[in-house]
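Note sheet for the following structure.
The values are calculated or read from the model by the stated rules, or taken from the named source; none is laboratory data. Predicted model only: the values in this text are computed from it and were never measured. Glycine also receives a Cβ, built like all others from the backbone with ideal geometry; neighbour counts cover every protein chain displayed. Side chains are part of the model used for accessible areas, which takes the heavy atoms of the whole protein and leaves out ligands, DNA and RNA. Shrake-Rupley method; radii C 1.70, N 1.55, O 1.52, S 1.80 Å.
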Amino acid sequence: MIKVFKWWWAWGYEEIEDWLERMEAGGLRLVETRFSGVYFHFEKCIPTKARYCTDYQTKLTPEYMTLISDDCWKLYQIGAGWYILRKEYQDERPNLYNNFEGLISRNKTLLTWMIALLFIELLIISTMIWDTYKFPNNSKLAVTGIVSSLILALFAFCITNLAMQISKFSKKE
Amino acid sequence: MNEKLNKTYLPMSESGYYILLSLYEPMHGYGIILHVKEITKGRIRLGAGTIYGTLTKFEKDNLIETAGEEDRRKLYKLTETGRQLLKQELERIDELYLNGHEILEGR
């Protein structure tokens, strides 16, 4: 078993899909993912043409499972609603989504989650700031400021990228 | 016809149009993929993710409804609302077709 660490963002899904496809074409097939899909475990195989697609589903329904199974996709669970699907092919490269509508909808769901989490984070930060103001302590003030800034920067980065991708897909659609 | 539905679905995407058209007769998700591939002579190969998302959305908006099961697969069919929407889209396509032919070939 070969383990590879690879970081990826939700909006950079094509990069991870193409990488997995290249790995299998080079003789390494995905077996499973660990730690929310950043550690990939591969096994050696005969080089095969296989399409990998990422998907996000808030709930895995029997209808979804039946449909992907009928269409010959194998499902790998990543966690937190994320999945990787694999399908072998010969000529035409298959796609899980043949238009941008599904991808826009996926990104909108993620964006809603991010905005909801941001509000929760803002509440936590407000409490931290209030505590620091009420019980002044220079070292705590610095830590609060740095941690808050980093968290807010991360949220801003994610929300901006998701919104930009929705806009890009909407123009293509 | 609900104005909100018209605004959301008209004009229809090619995928949406063919999914609704396929459900003129009860059919399951994978049956739609095969049917659309056949009637478009392989030009359109609907993705399983596209089908699942579209069917979920159509069912929520009452354009389609369940019509029993076949081999443990959920069957769907058009509702009256879905039928009306499809008819409106067909009229729009007819207009495009007639105007196109009249201008390009009629002059």
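Structural remarks
- The range A:17-84 shape via C-alpha gyration tensor axes, a/c threshold 1.5: oblate
- Local net charge near A:PHE35, Cβ-Cβ under 12 Å (Lys/Arg +1, Asp/Glu -1): +2
- Averaged over the residues of A:85-97, the number of partner chain Cβ atoms lying within 10 Å of the residue Cβ comes to 2.
- Note that the range A:160-166 has calculated 3J(HN,Hα) couplings of 4, 5, 5, 5, 5, 5, 4 Hz, one per residue in order, obtained from phi through the Karplus relation 6.51 cos²θ - 1.76 cosθ + 1.60 (θ = phi - 60°); glycine and proline are x.
- Buried solvent-accessible surface, both chains (B, A), 1.4 Å probe, Å² to nearest 100: 1500
- Selection of trypsin sites (Lys or Arg not before Pro), the range A:1-92, meeting DSSP coil and at most 14 other Cβ within 10 Å: A:LYS6, A:LYS49, A:LYS59
- Whole-angstrom gap from the range A:50-106 to the range A:113-173, using each part's C-alpha centre: 31
- Per-residue average of Cβ from other chains inside 10 Å of A:100-106: 4
- For the range B:34-43, putting each phi into the Karplus relation 6.51 cos²θ - 1.76 cosθ + 1.60 with θ = phi - 60° gives couplings of 5, 5, 5, 4, 5, 6, 9, 6, x, 5 Hz, in residue order, rounded to whole numbers and with x for Gly and Pro.
- Residue range of chain A that is longest and free of chymotrypsin sites (Phe, Trp or Tyr not before Pro) which are both DSSP loop and sparsely packed (at most 11 other C-beta within 10 Å): A:36-173
- Sequence-separation-based contact order of chain B, relative, with Cα cut under 8 Å and 6+ spacing, percent: 29
- Dipole magnitude for the range A:16-58: computed about the Cα centre from +1 point charges on Lys and Arg Cβ and -1 point charges on Asp and Glu Cβ, it is near 140 debye.
- Neighbours of A:LYS140, meaning other residues whose beta-carbon lies under 15 angstrom from its beta-carbon, give a summed charge of 0 when Lys and Arg score +1 and Asp and Glu score -1.
- Percent accessible area from carbon and sulfur atoms, the range A:1-147, protein chains only, probe 1.4 Å: 61
- For the range B:3-45, with +1 on Lys and Arg beta carbons and -1 on Asp and Glu, the positive-most of B:GLY29, B:THR8, B:THR40 along the dipole: B:THR40
- With 5 Å bins beginning at zero, the pair-distance distribution over Cα atoms of the range A:76-173 amounts to 2, 11, 14, 15, 14, 12, 10, 7, 6, 4, 3, 1, 1, 0 %.
- The Stokes-Einstein estimate for the range A:18-141, based on a Kirkwood radius over Cα pairs and taken at 25 °C with 0.890 mPa s viscosity, is a diffusion coefficient of 140 µm²/s.
- Peptide B:42-48 has a mean of 6 when you count, residue by residue, the C-beta atoms of other protein chains within 10 Å of its C-beta.
- Restraint check, A:LYS3/A:LYS172; A:LYS44/B:LYS41; A:LYS108/A:LYS140; A:LYS108/B:LYS77; A:LYS6/B:LYS60, Cα-Cα greater than 32 Å: A:LYS3/A:LYS172; A:LYS44/B:LYS41; A:LYS108/A:LYS140; A:LYS6/B:LYS60
- Cα centre as origin, Lys/Arg/Asp/Glu Cβ charges: the range A:4-124 dipole, Debye: 280
- Average accessible area per residue (Å²) across chain A - probe 1.4 Å, nucleic acids and ligands excluded: 59
- Chymotrypsin sites (Phe, Trp or Tyr not before Pro) restricted to the range B:13-72 and DSSP loop, no more than 14 other C-beta within 10 Å: B:TYR24
- Split the accessible area of chain B by element, probe 1.4 Å, and carbon with sulfur accounts for 49%.
- The spacing between the range A:1-24 and the range B:1-77, judged by their C-alpha centroids, is 32 Å.
- Dipole magnitude of the range B:12-107, debye to nearest 20 (Cβ charges: Lys/Arg +1, Asp/Glu -1, about Cα centre): 380
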